[in-house]
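Below is one structure, written out as C-alpha coordinates; comments come after it.
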Amino acid sequence: MLPFASRRVLGLSCSLTVVMVLIVGCLVPHSKARPNEAAQELIIQSDGLDRSFLVYAPASLPSERAVPVVFVFHGGNGEAKGVMNLSRFNAIADKEQFIAVYPQGVGRSWNDGRLTSVSQAHRDNVDDVAFFDAMLEYMTRAYRVDPQRIFVTGISNGGIFAHFLAAQRSDKIAAIAPVVAGIADPFHKKFQPTHPVSVLIIQGTEDRLVPFDGGPVGPPRGREDRGNVIGTEKAAALWVKANGCQPETTEKWLPDRYPDDGCRVKAKVWSGGRDGSEVWLYRVEGGGHTWPGGSQYLPRAIIGRVTHDIDSQSIWDFFNAHPKTGNSG
(Lines give C-alpha, C1' and ligand atoms only; values in the text may rest on other atoms or scores of the structure.)
Protein backbone atom coordinates (compact mmCIF):
# COMPACT_ATOMS: atom_id res chain seq x y z
CA MET A 1 0.00 0.00 0.00
CA LEU A 2 1.38 3.42 -0.89
CA PRO A 3 1.33 6.07 1.85
CA PHE A 4 -0.37 9.00 0.12
CA ALA A 5 1.35 11.69 2.13
CA SER A 6 4.87 10.61 1.24
CA ARG A 7 4.75 9.15 -2.25
CA ARG A 8 3.70 10.35 -5.69
CA VAL A 9 2.15 7.81 -8.04
CA LEU A 10 4.20 7.76 -11.23
CA GLY A 11 3.85 6.30 -14.69
CA LEU A 12 0.07 6.25 -15.04
CA SER A 13 -1.28 6.62 -18.55
CA CYS A 14 -3.46 9.54 -17.50
CA SER A 15 -0.57 11.43 -15.85
CA LEU A 16 -2.17 11.44 -12.44
CA THR A 17 -1.39 14.26 -10.05
CA VAL A 18 -2.36 13.45 -6.49
CA VAL A 19 -3.15 16.10 -3.91
CA MET A 20 -3.85 15.29 -0.29
CA VAL A 21 -6.54 17.01 1.70
CA LEU A 22 -7.95 15.66 4.96
CA ILE A 23 -11.71 16.02 5.15
CA VAL A 24 -12.87 16.10 8.75
CA GLY A 25 -16.23 17.35 9.99
CA CYS A 26 -17.40 18.64 6.61
CA LEU A 27 -20.64 20.56 6.53
CA VAL A 28 -22.91 19.06 3.88
CA PRO A 29 -26.46 19.83 2.77
CA HIS A 30 -27.96 16.50 3.82
CA SER A 31 -26.30 15.71 7.15
CA LYS A 32 -23.36 16.55 9.35
CA ALA A 33 -20.15 14.59 8.99
CA ARG A 34 -19.04 12.41 11.88
CA PRO A 35 -15.44 12.05 13.09
CA ASN A 36 -15.10 8.52 11.67
CA GLU A 37 -16.13 9.82 8.26
CA ALA A 38 -12.74 11.38 7.57
CA ALA A 39 -11.61 10.85 4.00
CA GLN A 40 -8.74 11.89 1.78
CA GLU A 41 -9.47 14.14 -1.18
CA LEU A 42 -7.45 13.28 -4.28
CA ILE A 43 -7.17 15.28 -7.48
CA ILE A 44 -6.27 13.59 -10.75
CA GLN A 45 -6.29 14.58 -14.37
CA SER A 46 -8.78 12.93 -16.68
CA ASP A 47 -9.69 13.98 -20.21
CA GLY A 48 -7.83 17.26 -19.73
CA LEU A 49 -9.70 18.16 -16.51
CA ASP A 50 -8.70 18.21 -12.86
CA ARG A 51 -11.10 15.78 -11.20
CA SER A 52 -11.51 15.12 -7.49
CA PHE A 53 -12.72 12.21 -5.40
CA LEU A 54 -12.77 11.24 -1.74
CA VAL A 55 -11.22 7.98 -0.58
CA TYR A 56 -12.03 6.37 2.73
CA ALA A 57 -9.64 3.52 3.55
CA PRO A 58 -10.06 2.02 7.03
CA ALA A 59 -6.89 2.11 9.09
CA SER A 60 -7.38 -1.59 9.85
CA LEU A 61 -7.34 -2.79 6.21
CA PRO A 62 -5.60 -6.17 6.00
CA SER A 63 -2.19 -6.21 4.30
CA GLU A 64 -2.22 -9.93 3.53
CA ARG A 65 -5.11 -9.89 1.03
CA ALA A 66 -6.69 -7.75 -1.66
CA VAL A 67 -9.73 -5.71 -0.65
CA PRO A 68 -12.95 -4.63 -2.42
CA VAL A 69 -13.65 -1.08 -3.60
CA VAL A 70 -17.09 0.53 -3.62
CA PHE A 71 -17.60 3.63 -5.80
CA VAL A 72 -20.50 5.82 -4.63
CA PHE A 73 -21.76 8.48 -7.07
CA HIS A 74 -23.70 11.50 -5.80
CA GLY A 75 -26.93 12.75 -7.33
CA GLY A 76 -27.44 15.76 -9.59
CA ASN A 77 -26.46 19.03 -7.88
CA GLY A 78 -24.91 16.92 -5.12
CA GLU A 79 -21.42 16.51 -3.76
CA ALA A 80 -19.07 13.68 -2.86
CA LYS A 81 -19.17 14.86 0.77
CA GLY A 82 -22.95 14.78 0.82
CA VAL A 83 -23.37 11.24 -0.47
CA MET A 84 -20.57 10.06 1.82
CA ASN A 85 -22.59 11.16 4.82
CA LEU A 86 -26.00 10.28 3.41
CA SER A 87 -25.00 6.70 2.60
CA ARG A 88 -22.81 6.14 5.69
CA PHE A 89 -20.66 3.64 3.83
CA ASN A 90 -17.57 4.58 5.85
CA ALA A 91 -18.83 2.85 8.97
CA ILE A 92 -19.63 -0.24 6.90
CA ALA A 93 -16.17 -0.09 5.31
CA ASP A 94 -14.65 -0.15 8.81
CA LYS A 95 -16.63 -3.23 9.72
CA GLU A 96 -16.47 -5.12 6.41
CA GLN A 97 -12.95 -4.09 5.36
CA PHE A 98 -13.34 -2.40 2.01
CA ILE A 99 -12.42 0.98 0.53
CA ALA A 100 -15.15 3.53 -0.25
CA VAL A 101 -14.64 6.04 -3.06
CA TYR A 102 -16.83 9.12 -3.54
CA PRO A 103 -16.23 10.88 -6.89
CA GLN A 104 -17.16 14.51 -7.59
CA GLY A 105 -18.98 15.33 -10.81
CA VAL A 106 -18.23 18.30 -13.05
CA GLY A 107 -20.79 20.94 -12.20
CA ARG A 108 -22.13 18.48 -9.60
CA SER A 109 -23.43 16.23 -12.37
CA TRP A 110 -22.69 13.06 -14.35
CA ASN A 111 -22.91 12.47 -18.09
CA ASP A 112 -25.20 9.46 -17.82
CA GLY A 113 -26.53 8.87 -21.34
CA ARG A 114 -29.55 11.17 -21.25
CA LEU A 115 -30.18 13.87 -23.88
CA THR A 116 -30.36 17.06 -21.83
CA SER A 117 -28.55 20.36 -21.52
CA VAL A 118 -29.61 21.03 -17.96
CA SER A 119 -26.29 19.98 -16.42
CA GLN A 120 -22.70 20.93 -17.17
CA ALA A 121 -21.64 17.30 -17.56
CA HIS A 122 -24.18 16.85 -20.36
CA ARG A 123 -23.59 20.26 -22.00
CA ASP A 124 -19.82 19.73 -22.08
CA ASN A 125 -20.10 16.03 -22.94
CA VAL A 126 -17.80 15.19 -20.03
CA ASP A 127 -16.19 11.76 -20.29
CA ASP A 128 -17.06 10.41 -16.85
CA VAL A 129 -16.31 6.85 -17.96
CA ALA A 130 -12.69 7.95 -18.53
CA PHE A 131 -12.76 9.50 -15.04
CA PHE A 132 -13.79 6.15 -13.58
CA ASP A 133 -10.96 4.47 -15.50
CA ALA A 134 -8.47 6.98 -14.07
CA MET A 135 -9.74 6.52 -10.50
CA LEU A 136 -9.64 2.74 -10.78
CA GLU A 137 -6.13 2.85 -12.23
CA TYR A 138 -5.00 5.02 -9.34
CA MET A 139 -6.68 2.83 -6.73
CA THR A 140 -5.12 -0.36 -8.10
CA ARG A 141 -1.65 1.20 -7.84
CA ALA A 142 -2.14 2.84 -4.48
CA TYR A 143 -3.84 -0.11 -2.76
CA ARG A 144 -4.01 -3.84 -2.99
CA VAL A 145 -7.41 -3.92 -4.73
CA ASP A 146 -9.30 -7.11 -5.50
CA PRO A 147 -10.11 -6.87 -9.24
CA GLN A 148 -12.99 -9.31 -8.77
CA ARG A 149 -14.69 -7.00 -6.26
CA ILE A 150 -15.13 -3.61 -7.93
CA PHE A 151 -18.60 -2.31 -7.09
CA VAL A 152 -20.60 0.79 -8.04
CA THR A 153 -23.63 2.46 -6.52
CA GLY A 154 -25.16 5.92 -6.72
CA ILE A 155 -28.32 7.92 -6.23
CA SER A 156 -30.47 9.60 -8.91
CA ASN A 157 -28.11 11.07 -11.58
CA GLY A 158 -25.34 9.00 -9.93
CA GLY A 159 -27.47 5.87 -10.15
CA ILE A 160 -28.35 6.48 -13.79
CA PHE A 161 -24.62 6.83 -14.37
CA ALA A 162 -24.02 3.53 -12.53
CA HIS A 163 -26.16 1.78 -15.18
CA PHE A 164 -24.40 3.68 -17.96
CA LEU A 165 -20.92 2.97 -16.58
CA ALA A 166 -21.47 -0.72 -15.88
CA ALA A 167 -22.79 -1.33 -19.38
CA GLN A 168 -19.52 0.06 -20.77
CA ARG A 169 -17.14 -1.34 -18.18
CA SER A 170 -18.80 -4.69 -17.58
CA ASP A 171 -15.38 -6.36 -17.84
CA LYS A 172 -14.23 -4.53 -14.72
CA ILE A 173 -17.33 -4.03 -12.55
CA ALA A 174 -18.68 -7.00 -10.59
CA ALA A 175 -21.98 -5.52 -9.39
CA ILE A 176 -23.94 -2.28 -9.23
CA ALA A 177 -26.75 -0.93 -7.07
CA PRO A 178 -28.50 2.06 -8.69
CA VAL A 179 -30.72 3.88 -6.17
CA VAL A 180 -33.82 5.77 -7.40
CA ALA A 181 -32.40 5.75 -10.91
CA GLY A 182 -33.14 4.27 -14.30
CA ILE A 183 -31.38 3.48 -17.55
CA ALA A 184 -31.12 6.59 -19.69
CA ASP A 185 -33.13 7.14 -22.83
CA PRO A 186 -31.82 6.96 -25.55
CA PHE A 187 -28.78 5.07 -24.21
CA HIS A 188 -30.91 1.97 -23.61
CA LYS A 189 -31.13 1.49 -27.39
CA LYS A 190 -27.40 0.67 -27.53
CA PHE A 191 -27.20 -1.13 -24.20
CA GLN A 192 -24.76 -3.99 -24.86
CA PRO A 193 -22.58 -4.99 -21.88
CA THR A 194 -19.99 -7.57 -22.91
CA HIS A 195 -19.69 -9.31 -19.52
CA PRO A 196 -22.24 -10.23 -16.83
CA VAL A 197 -22.78 -7.70 -14.04
CA SER A 198 -24.94 -8.45 -11.01
CA VAL A 199 -27.48 -5.70 -10.41
CA LEU A 200 -29.53 -4.56 -7.41
CA ILE A 201 -32.08 -1.91 -8.40
CA ILE A 202 -33.67 0.06 -5.56
CA GLN A 203 -36.60 2.20 -6.68
CA GLY A 204 -39.50 3.88 -4.92
CA THR A 205 -42.96 3.59 -6.42
CA GLU A 206 -43.78 7.16 -5.34
CA ASP A 207 -40.63 8.77 -6.74
CA ARG A 208 -41.70 12.02 -8.39
CA LEU A 209 -38.26 12.85 -9.80
CA VAL A 210 -37.26 9.55 -11.42
CA PRO A 211 -40.59 7.79 -12.06
CA PHE A 212 -40.82 4.05 -11.41
CA ASP A 213 -42.52 3.56 -14.77
CA GLY A 214 -40.05 5.76 -16.63
CA GLY A 215 -40.47 9.04 -18.48
CA PRO A 216 -39.19 12.57 -17.88
CA VAL A 217 -36.70 13.05 -15.06
CA GLY A 218 -37.67 15.69 -12.53
CA PRO A 219 -39.58 18.94 -13.11
CA PRO A 220 -38.52 20.97 -16.19
CA ARG A 221 -36.27 23.95 -15.50
CA GLY A 222 -37.66 26.71 -17.70
CA ARG A 223 -37.62 25.49 -21.30
CA GLU A 224 -34.94 22.91 -20.59
CA ASP A 225 -35.72 19.37 -19.60
CA ARG A 226 -33.73 16.76 -17.74
CA GLY A 227 -34.11 13.98 -20.26
CA ASN A 228 -35.80 10.62 -19.82
CA VAL A 229 -35.27 7.16 -18.36
CA ILE A 230 -36.95 3.88 -19.21
CA GLY A 231 -39.16 2.12 -16.66
CA THR A 232 -37.71 0.19 -13.75
CA GLU A 233 -39.02 -3.20 -14.88
CA LYS A 234 -37.68 -2.57 -18.39
CA ALA A 235 -34.27 -1.67 -16.96
CA ALA A 236 -34.22 -4.90 -14.97
CA ALA A 237 -35.23 -6.83 -18.09
CA LEU A 238 -32.30 -5.41 -20.04
CA TRP A 239 -29.86 -6.65 -17.42
CA VAL A 240 -31.64 -10.01 -17.15
CA LYS A 241 -31.21 -10.52 -20.89
CA ALA A 242 -27.62 -9.27 -20.94
CA ASN A 243 -26.62 -11.53 -18.04
CA GLY A 244 -28.47 -14.55 -19.39
CA CYS A 245 -30.56 -14.96 -16.24
CA GLN A 246 -33.53 -17.30 -16.12
CA PRO A 247 -36.81 -15.54 -16.98
CA GLU A 248 -38.56 -17.01 -13.95
CA THR A 249 -38.39 -14.96 -10.78
CA THR A 250 -38.78 -15.40 -7.07
CA GLU A 251 -40.66 -12.70 -5.20
CA LYS A 252 -41.11 -11.95 -1.52
CA TRP A 253 -41.85 -9.12 0.86
CA LEU A 254 -38.92 -8.15 3.06
CA PRO A 255 -39.60 -7.81 6.79
CA ASP A 256 -41.38 -4.57 7.67
CA ARG A 257 -38.91 -3.58 10.35
CA TYR A 258 -40.10 0.04 10.53
CA PRO A 259 -43.88 0.20 9.99
CA ASP A 260 -43.91 3.92 10.78
CA ASP A 261 -41.89 4.82 7.65
CA GLY A 262 -44.89 4.12 5.43
CA CYS A 263 -42.92 1.85 3.09
CA ARG A 264 -42.73 -1.84 2.27
CA VAL A 265 -40.04 -3.49 0.17
CA LYS A 266 -40.87 -6.24 -2.31
CA ALA A 267 -37.88 -8.19 -3.63
CA LYS A 268 -37.84 -9.71 -7.10
CA VAL A 269 -34.88 -11.92 -8.09
CA TRP A 270 -33.71 -13.28 -11.44
CA SER A 271 -31.02 -15.94 -10.97
CA GLY A 272 -28.99 -18.32 -13.12
CA GLY A 273 -27.04 -15.71 -15.06
CA ARG A 274 -23.62 -16.22 -16.57
CA ASP A 275 -20.84 -16.64 -14.00
CA GLY A 276 -23.43 -16.69 -11.21
CA SER A 277 -24.76 -13.20 -11.95
CA GLU A 278 -28.19 -12.17 -10.71
CA VAL A 279 -30.57 -9.24 -11.06
CA TRP A 280 -32.50 -8.09 -8.00
CA LEU A 281 -35.22 -5.46 -7.87
CA TYR A 282 -36.18 -3.91 -4.56
CA ARG A 283 -39.52 -2.26 -5.27
CA VAL A 284 -40.05 0.20 -2.42
CA GLU A 285 -43.81 0.55 -2.11
CA GLY A 286 -44.55 4.08 -0.93
CA GLY A 287 -40.89 5.06 -1.23
CA GLY A 288 -39.74 8.34 -2.71
CA HIS A 289 -36.57 9.82 -4.18
CA THR A 290 -34.48 8.88 -1.18
CA TRP A 291 -31.54 6.78 -0.01
CA PRO A 292 -32.66 3.65 1.89
CA GLY A 293 -31.94 4.07 5.57
CA GLY A 294 -30.81 7.65 4.94
CA SER A 295 -32.05 10.97 6.19
CA GLN A 296 -35.13 12.91 5.11
CA TYR A 297 -32.79 15.39 3.39
CA LEU A 298 -35.63 17.43 1.89
CA PRO A 299 -39.31 17.71 2.91
CA ARG A 300 -41.47 14.68 2.21
CA ALA A 301 -43.67 16.81 -0.05
CA ILE A 302 -40.69 17.18 -2.42
CA ILE A 303 -38.84 13.86 -2.29
CA GLY A 304 -41.28 11.46 -0.64
CA ARG A 305 -40.71 8.86 2.05
CA VAL A 306 -37.52 7.12 3.21
CA THR A 307 -37.59 3.37 3.76
CA HIS A 308 -35.68 2.03 6.75
CA ASP A 309 -36.37 -1.62 6.02
CA ILE A 310 -33.19 -1.67 3.89
CA ASP A 311 -30.07 0.49 3.98
CA SER A 312 -26.46 0.71 2.80
CA GLN A 313 -25.64 -2.51 4.64
CA SER A 314 -28.19 -4.21 2.36
CA ILE A 315 -26.29 -2.89 -0.66
CA TRP A 316 -22.97 -4.09 0.72
CA ASP A 317 -24.42 -7.53 1.50
CA PHE A 318 -25.50 -7.80 -2.15
CA PHE A 319 -22.09 -6.70 -3.36
CA ASN A 320 -20.29 -9.07 -1.04
CA ALA A 321 -22.30 -12.02 -2.37
CA HIS A 322 -21.70 -11.12 -6.04
CA PRO A 323 -18.02 -10.90 -6.98
CA LYS A 324 -16.87 -11.58 -10.51
CA THR A 325 -16.28 -15.31 -10.84
CA GLY A 326 -15.42 -15.88 -14.50
CA ASN A 327 -14.32 -14.39 -17.79
CA SER A 328 -17.52 -14.62 -19.78
CA GLY A 329 -17.65 -12.22 -22.66
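Please specify each residue of region 246-291 satisfying the condition of being aliphatic (A, V, I, L, M), touching a residue at least 40 places away in the same chain (Cβ under 8 Å) and in contact with a Leu (Cβ under 9 Å, 6 or more places away or on another chain). Please lay out each step first, then the result.
First, pick out the residues of region 246-291 that are aliphatic (A, V, I, L, M): 254, 265, 267, 269, 279, 281, 284.
Now restrict to residues that are touching a residue at least 40 places away in the same chain (Cβ under 8 Å): 254, 265, 279, 281, 284.
Selection gives VAL265, VAL279, LEU281.
Conditions (1) within 23 Å of SER312 (Cα to Cα); (2) not β-branched (Val, Ile, Thr), marked per residue:
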{"position": "VAL179", "(1), (2)": "yes, no"}
{"position": "VAL199", "(1), (2)": "yes, no"}
{"position": "PRO219", "(1), (2)": "no, yes"}
{"position": "GLU224", "(1), (2)": "no, yes"}
{"position": "GLU233", "(1), (2)": "yes, yes"}
{"position": "GLU251", "(1), (2)": "yes, yes"}
{"position": "ASP256", "(1), (2)": "yes, yes"}
All-but-one check, TYR297 against (1) surrounded by 15 or more Cβ atoms within 10 Å (Cβ to Cβ); (2) in contact with a Leu (Cβ under 8 Å, 6 or more places away or on another chain); (3) farther than 23 Å from HIS74 by Cα, failing number (3)
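Just to be sure before I move on: is GLY304 under 23 Å from ILE160 (Cα atoms) and touching a His at 6+ places or on another chain (Cβ under 7 Å) in the structure I sent?
The answer is yes for GLY304.
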Residue list for region 86-97, restricted to those being on the phi < 0 side of the Ramachandran plot and either under 14 Å from the mean Cα position of the chain (by Cα) or not in a helix (DSSP H, G or I) (or both): LEU86, SER87, PHE89
Might you check whether a residue that is small (Gly, Ala, Ser), in a loop (DSSP other than H, G, I, E, B) and more than 20 Å from ARG51 (Cα to Cα) occurs anywhere in region 114-125? yes
So how many residues does region 213-235 have that are modelled with pLDDT of 85 or more and part of a strand (DSSP E or B)? 4
Failed item in (1) buried (at least 20 other Cβ atoms within 10 Å of the Cβ); (2) under 19 Å from PHE151 (Cα atoms); (3) of a type outside the set (Asp, Glu); (4) in contact with a Ser or Thr (Cβ under 8 Å, 6 or more places away or on another chain), with GLY276 passing the rest: (1)
Output the qualifying pairs, or none if there are none: Cβ atoms under 8 angstrom, residues six or more apart or on different chains, first residue in region 52-64 and touching a residue at least 60 places away in the same chain (Cβ under 8 Å) and more than 13 Å from ASN90 (Cα to Cα), second residue part of a loop (DSSP other than H, G, I, E, B) and polar (S, T, N, Q). PHE53/GLN104
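The values are calculated or read from the model by the stated rules, or taken from the named source; none is laboratory data. Because the structure is a prediction, the values reported are computed rather than measured. Don't worry about glycine lacking a Cβ; one is built from the backbone with ideal geometry, like all the others, and counts go over all protein chains shown.
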